[in-house]
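The values are calculated or read from the model by the stated rules, or taken from the named source; none is laboratory data. These numbers come from a predicted model, not from an experiment. Using ideal geometry, Cβ is built from the backbone for each residue, glycine included, and neighbour counts are taken over all protein chains shown. Remember, those area values only see protein heavy atoms, side chains included, never the ligands or the DNA or RNA. Shrake-Rupley method; radii C 1.70, N 1.55, O 1.52, S 1.80 Å.
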Protein chains: 4
Amino acid sequence: MADSLDELSARLLAFARARDWEQFQSPKNLAMALAGEAGELLEHFQWLTEAQSASLSPEKQRAVAHELADILSYLLRIAERLDIDLIAATHEKIAINETRYPAARVRGDARRASDYQD
Amino acid sequence: MADSLDELSARLLAFARARDWEQFQSPKNLAMALAGEAGELLEHFQWLTEAQSASLSPEKQRAVAHELADILSYLLRIAERLDIDLIAATHEKIAINETRYPAARVRGDARRASDYQD
Amino acid sequence: MADSLDELSARLLAFARARDWEQFQSPKNLAMALAGEAGELLEHFQWLTEAQSASLSPEKQRAVAHELADILSYLLRIAERLDIDLIAATHEKIAINETRYPAARVRGDARRASDYQD
Amino acid sequence: MADSLDELSARLLAFARARDWEQFQSPKNLAMALAGEAGELLEHFQWLTEAQSASLSPEKQRAVAHELADILSYLLRIAERLDIDLIAATHEKIAINETRYPAARVRGDARRASDYQD
């Protein structure tokens, strides 16, 4: 994992330990917390047009940055609890997607994998 | 941002561009996709006990790693679209949380910030 | 609660009991399952424009109807477990919203409650 | 649809119209709002044990009831926009689940459909 991600992950673990919060941080609970933050992220965008979502006010931009931070924090905590190398897993998953969605075939056409049929 | 996160982010951008998918990747749509992946993560854990969620079978562990990868991927895409430095934002947010949840006060007691009252 | 909602709720309870699944259906777990279904709902819409989301193909329409059904099912299960009258709670909440968002003030302007400031 | 659900749905439509909010209520946006509320529901339960989630304080019980109300409200709005009969769709989906999860086979064993293999 990256130096800076490692550093973040260590800081988050220290934060949890200083508060005796590791006891609450099962992968199950952390997944809920992550999904809760994803819900907060949605709330920032739900009544905006796509174009508006791409040009936020500085205040909104900062609020969104903090939601992304919360999501990354829970992601790192889950990865630590389950001993998952997040960077390696993501490269692996991208490689899978490169096979699943060949550029020549899906160009300009974004659908769920399950919506593609042969 | 970290070297390895930068590299991941660049790979994800190249993946999207090769498929002409940037047109679909407004922050709004990416937030939905991220939340959809968070939902898939939940589905792995919803009927497990907390203890079971901490000791997954290798097969399940790999599936969970790929869900985390999907979430990180959308997180990086949103950050790129909105020009947010994810690592810096997360350090900033942790600093805020350190003030909001003083270790001496919240030790062993995890609640929503809104559930703490003075 | 409505006759037809009562009937649905009873059918869902019988379904769970016949499978000995009540043991898994804590409010916590049911909330996760509901959020997982909400994530599946998002996945149907994430790459569509708003206009496209309002005119689905018959096949997609049916798939969305079934996602809504799953969400309603978990909603009814949680309400049953916590002894909440869903219809009464919703009327109560609408009354609160009528006060919180006075028509004269918010006309044509949809934002999060927290985004309105005075 | 049930009398009382019909009545709720009509009240919610009137609420939206009085505020000129129908313009924002595309199925896509409503799905996001619903998922956002599902995220808020999760936040009530994420650090509780399953047992704690089943015996809430009166104050928390009321807050949860209002989250369920928000979810039902968005569910009814989506169903109205897409002309879906929520009660009929749910009975249809339960019938499918009765076939997919035969009681004799899955008794006491709750997993994702995709986790069952033949």
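Note on the protein assembly as shown: helix-only mean residue ellipticity at 222 nm, from DSSP H runs of 4+ residues weighted -39500 (n - 2.57) and normalised by residue number, equals -22500 deg cm²/dmol.
Once fully extended, how much extra length lies between B:Arg62 and B:Asp109, figured as 0.36 nm per residue of separation less the alpha-carbon to alpha-carbon distance? Working shown, then result.
Details: separation 47, 0.36 × 47 = 16.92 nm, distance 3.17 nm.
Between B:Arg62 and B:Asp109, full extension yields 13.7 nm more.
Tell me, what is the percent relative contact order of the stretch D:1-82, built from C-alpha pairs under 8 Å that lie six or more residues apart? Could you put the intermediate results ahead of the total?
Working: 36 pairs, mean separation 42.1, N = 82.
It rounds to 51 percent for the stretch D:1-82.
The lysines within cross-link reach of D:Lys60, meaning a Cα-to-Cα straight distance under 26 Å and a gap of 8 or more places when in the same chain, are A:Lys28, C:Lys28, C:Lys93.
With the Cα gyration tensor of the stretch C:1-92 giving a ≥ b ≥ c as the square roots of its eigenvalues, does the rule (a/c under 1.5 for rounded; else a/b larger than b/c for prolate; else oblate) give rounded, prolate or oblate? In terms of gyration-tensor shape, prolate.
Mind putting a number on the dipole of chain D about its Cα centre? Charges go on the C-beta only, +1 for Lys and Arg and -1 for Asp and Glu, and I need it in Debye to the nearest 20.
Numbers: 14 positive and 20 negative charges, 40 e Å.
Dipole size: approximately 200 debye.
Between identical copies, the spacing of D:Ile96 label points, each set 7 Å from Cα toward the C-beta atom, reads 2.4, 3.3, 4.0 nm from nearest to farthest.
Looking down the axis that turns chain A into chain D, the chain A residue with its beta carbon nearest that axis, and the gap rounded to whole angstrom, comes out as A:Gly39, 1. Computed over the stretch D:34-116, relative contact order equals 29 percent, with contacts defined as Cα pairs under 8 Å that lie 6+ residues apart.
What does the structure give for A:74-84 when I average, per residue, the other chain Cβ atoms found within 10 Å of the residue Cβ? Don't skip to the end; give the middle numbers.
Working: counts 4, 7, 3, 0, 8, 5, 0, 2, 9, 2, 8.
Taking all residues of A:74-84 together, the mean is 4.
Summary of the geometry: the stretch D:1-52 and the stretch A:1-67, compared by the centres of their Cα atoms, lie 23 Å apart. Here D:Glu92 and D:Ala10 are evaluated by their C-beta separation; at R0 = 22 Å the FRET efficiency comes out at 0.40. Could you tell me what percent of the accessible area of the protein assembly as shown is made up of carbon and sulfur, with a 1.4 Å probe and every protein chain present? Carbon and sulfur together cover 47 percent of it.
Say R0 is 30 Å: what FRET efficiency, to the nearest 0.05, do B:Thr99 and D:Thr49 get from their beta-carbon distance?
0.60
With 5 Å bins beginning at zero, the pair-distance distribution over Cα atoms of the stretch B:1-43 amounts to 6, 20, 16, 24, 23, 10, 1 %. Each Lys and Arg adds +1 at its Cβ and each Asp and Glu adds -1 at its Cβ; summed about the Cα centre, the protein assembly as shown shows a dipole of about 0 debye.
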